[in-house]
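The values are calculated or read from the model by the stated rules, or taken from the named source; none is laboratory data. Quick caveat, the model's predicted, so the values are computed rather than measured. With ideal geometry, Cβ positions are generated from the backbone for all residues, glycine too; neighbour counts draw on all protein chains shown.
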Amino acid sequence: MLDEAVAIRIVPAAVARDTLLRRQPVDSLHVTPGMAEGIRRIWGADLTPVQVVDRILADVRQHGDRAVRDYTRRIDGVDLDDFRVSDAEMDAAWDTSPAALRDALRHAVDRITAFHEREPRGSWMDWRPDEALGQIVRPLDRVGLYVPAGGAPLPSSLLMAAIPARVAGVEDIIVATPPNKAGHADATTLVAARLVGASAVYKVGGAQGIGALAFGTETMPRVDKIVGPGNPFVILAQKAVYGVVGIASLPGPTETLLIADDSANPAWVAADLLAQSEHVMGTSILLTPSAALAEAVQREVAAQLMTLPTRPGIEASLAANGGIVLVGSLAEALDLANEYAPEHLCLLTRDPWSLVGQVRHAGGIFVGEGSSEALGDYIVGPSHIMPTGRTARFTSPIHVRDFLKVISVFGATLPAHNRLAPDAIRIAEAEGLAAHANALRRRLEGVE
């Protein structure tokens with residue numbers, strides 16, 4: 001672990017480009033000695049993570065419930081005859097949860113719903129005298145939400161995926177979440193599932209949970225799309241089943257990039273860095289032109305770290321993925337941020353709104369010192385399932401359109417056809433598709 005005095009390192013930008021700011025593919029996986037030992041124990045062989053996932057998916061596809069039960073026993077250490085959460089277990093979770101927690105979750109549901117209801121999601125038609133063009137927008141029939149429960153249960157992630165799906169009009173929401181050692185699902189996750197009207201919750205995790213959602217089993221229905229973060233095996237499984245079902249994204253370890261100047265509160269900056277490092281292998285990086293702020297934040301990180309019960313995990317994340325980068329200017333910080341394309345970009349400067357227009361690549365922008373990333377994790381409104389691993393350069397946070405599909409509509413009268421056909425024929429002939437040209441020409445010439 002890092003020495004308390006240097007719980008987070010300070011590096012110049014030139015060094016950070018080739019170290020701290022280098023990116024690994026979102027589905028890359030470093031096999032630790034503990035992970036390798038676990039693979040040998042379960043499979044009796046030295047398999048790669050991809051080989052492990054391929055075996056699990058093949059078994060689930062062929063053997064359904066039997067394979068799901070087998071892997072739940074072997075990997076999670078739980079024997080389950082029925083892995084669907086019963087009404088009694090749902091009721092017990094609801095009845096024993098603190099009223100204040102239920103109220104907080106309702107508050108989050110209201111704000112997340114209000115945000116996503118502002119998204120466009122309608123069909124349209126352009127009616128002309130001799131033709132009509134348009135799009136019919138339809139919701140997916142059934143989606144599967146994966147909710148992690150390993151390092152820490154994440155009922156907030158259920159809200160952040162289920163609510164945009166509900167706003168889109170998805171009727172059937174299936175939740176898969178790993179069981180604990182007693183064979184139960186996380187109680188708060190079940191409360192969240194009831195609040196969003198989930199159709200069913202299954203106590204199935206890992207790659208076997210993704211396989212069950214993708215292929216369906218005797219117990220679990222096949223879904224049309226899978227959404228949600230998870231451990232590296234879950235992400236590898238999502239990548240492997242893409243094409244069998246839709247996959248919204250491949251969210252890797254979480255990451256936050258902060259840009260701050262000498263006006264920022266070092267205690268708050270440190271707290272934000274520590275919060276993100278609380279996730280397993282989370283990335284927390286500060287970019288600042290102020291050496292004084294960097295040193296003050298470094299001291300605050302060390303001091304605050306001593307008070308946190310999750311210190312060991314935070315230290316591991318900071319050692320691997322945490323740091324303070326000294327830059328020459330805020331402009332350089334923004335250049336680095338756009339190159340890095342972070343999941344979360346926090347702007348903690350005198351005039352943060354003046355920087356927003358310069359951001360090209362980020363999952364979400366958190367503007368000003370009141371806009372902590374932790375607040376966005378739970379209750380602000382936008383889904384906190386955001387692109388990681390530099391994928392913010394080409395994809396977006398989970399949103400309503402992830403749960404919609406577009407059907408193109410085209411209707412033309414014969415006069416409209418004949419007006420357009422000559423150019424269509426030229427293109428068809430250029431492609432060497434004679435039958436296409438023939439279909440066009442016969443109508444154009446009135447040939448029966």
GLY209 vs (1) in contact with a helix residue (DSSP H, G or I) (Cβ under 8 Å, 6 or more places away or on another chain); (2) not in a helix (DSSP H, G or I): all pass except (2)
Among GLU278, GLU332, the single one that is touching a residue at least 12 places away in the same chain (Cβ under 8 Å), more than 28 Å from LEU154 (Cβ to Cβ) and of a type in the set (Asp, Glu) is GLU332
Those residues of segment 88-105 that are surrounded by 13 or more Cβ atoms within 10 Å (Cβ to Cβ) and either touching a Gly at 6+ places or on another chain (Cβ under 8 Å) or not in a loop (DSSP other than H, G, I, E, B) (or both) come to a total of 9
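Yes or no, residue by residue, for (1) surrounded by fewer than 21 Cβ atoms within 10 Å (Cβ to Cβ); (2) closer than 22 Å to SER156 by Cβ:
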site: GLY183; (1), (2): yes, no
site: ALA187; (1), (2): yes, yes
site: LEU195; (1), (2): yes, yes
site: ALA198; (1), (2): no, yes
site: GLY206; (1), (2): no, yes
site: GLY211; (1), (2): no, no
site: GLU218; (1), (2): yes, no
site: ARG222; (1), (2): yes, no
site: GLY228; (1), (2): no, yes
Notebook entry, point to check: Could we say that ALA392 is part of a helix (DSSP H, G or I), in the same structural domain as ARG360 (by TED's automatic domain parsing) and within 30 Å of THR254 (Cα to Cα) here?
Noted result: no
Only one of ILE235, ILE259, ILE314 is under 19 Å from GLN24 (Cα atoms) and touching a residue at least 12 places away in the same chain (Cβ under 8 Å), namely ILE235
Within segment 164-185, restricting to residues that are of a type in the set (A, V, I, L, M, F, W, C) and not in a loop (DSSP other than H, G, I, E, B), the one that is farthest from ARG138 (Cα to Cα) is ALA176
- Message: I'd like to check something: does segment 330-353 contain any residue that is of a type outside the set (S, T, N, Q), modelled with pLDDT of 95 or more, closer than 27 Å to THR113 by Cα and surrounded by fewer than 16 Cβ atoms within 10 Å (Cβ to Cβ)?
- Response: yes
Test for VAL223: is it assigned to a helix (DSSP H, G or I) and in contact (Cβ under 8 Å) with a residue 12 or more places away in the chain
no
